1. Relative contact order for the chain: what percent, with Cα pairs under 8 Å and sequence separation of 6 or more?
2. Please arrange Asp54, Asp134 by how many other C-beta atoms lie within 10 Å of their C-beta, fewest to most.
3. Segment 50-135: which trypsin sites (Lys or Arg not before Pro) are DSSP loop and have at most 15 other beta-carbon atoms within 10 angstrom?
4. Step through the table entries Lys31/Lys258; Lys38/Lys143; Lys51/Lys152, compare each Cα-Cα distance with 31 Å, and write down the pairs that go over it.
5. Can you give me the C-alpha center-to-center distance between segment 43-103 and segment 130-163, rounded to a whole angstrom?
6. With a ≥ b ≥ c taken as the square roots of the eigenvalues of the C-alpha gyration tensor of segment 189-274, please select rounded if a/c is under 1.5 and otherwise prolate if a/b is larger than b/c or oblate if it is not?
7. What nm distance separates the two modelled labels at Ser194 and Asp206, each placed 7 Å from Cα along Cα→Cβ?
8. Show me the trypsin sites (Lys or Arg not before Pro) within segment 173-215 that DSSP assigns to loop and that have at most 16 other Cβ atoms within 10 Å of their Cβ.
Amino acid sequence: MPCGLAVTLSNATTNCWPFPPSTQEAQLDEKWSFVAKKQKHCNPDAPEDAKCGDCWDYVALDPEHRLVVSVVVGKRTEENARQVVHELYERTDGRPLNLITSDEYASYATAIADVYAEPESAPSGKAPVERLPDWLVYATVHKTREKNRVVKVEARLVFGTLLDLAAALLWAVLGFVNTVFVERSNGTDRHRNSRKARKTYRFSKDWGVHEAMTYFTLYSSNFCWSVRTLREPVAPKRYRQRTPAMAAALTDHVWSLKEWLSFPSNKRYKLPRFSRN
């Protein structure tokens, strides 16, 4: 069965848009790049250097569908880590996820605790307290390195119980705690977006352009970039190519860039900064 381009629905509204995706597992990671000049050459007291130097892409990925759910671009701060978790929460409608994994960046644990905490009833006269939901399972990947090479990988449970983790891994894509899908996505994005390539003269010179291109390449890949490991066999040595959005049942065909760029936006998922209020 050939996989060709089709016409998007003309009355694109929230009623015909199958969002949010059926994400059951999420992987969090951050990817480094820089703008204008390396961080060591930036003057912390100079306003013009505020948007120069280190720039990080915080990414929340659905490993089952290879779908980029959320991206936050900025400095390496707890606020940005909290924002990417907040957007993951909102774009999955706050429903329970089987498993959340990440590297050992400590800000993720704080962010998950802030975003997913639920109010708990308290005795009259006392302020309500918050607690993490019983379903929440969050684990990190600990890598042991020798001579700058990874020699051992271990899982460390942060939130949830060992029993809950074992149950979550029964439904996990690979059956063990990992971040390989989001790391593969990071590597692919470095190839698609030459501004992110290491040791190059093609680095961004402007922060705003760098941020815009990051969103463009990562989000467009959901709809316009077929993934080999998502393809479906339709006949001997014949396959139906699928994008992450197709795998997540958000669309039924590979979109062209023109189709993606011209798709009407209802601004529903342009999320504000996270706030506890």
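Every number in this text was worked out from the coordinates using simple rules, so none of it is lab data. The structure displayed is predicted, hence computed values, not measured ones. Cβ coordinates were reconstructed from backbone atoms using ideal geometry, including for glycine residues, and neighbour counts include every protein chain displayed.
1. 22 percent.
2. Going from least to most buried by this count: Asp134, Asp54.
3. For trypsin sites (Lys or Arg not before Pro) across segment 50-135 that sit outside H, G, I, E and B with at most 15 neighbouring Cβ atoms in 10 Å, the list reads Lys75, Arg76, Lys126.
4. Lys51/Lys152
5. Here the answer is 18 Å between Cα centres.
6. oblate
7. 1.8 nm
8. Filter output for segment 173-215: Arg198, Lys199, Arg202, Lys205.
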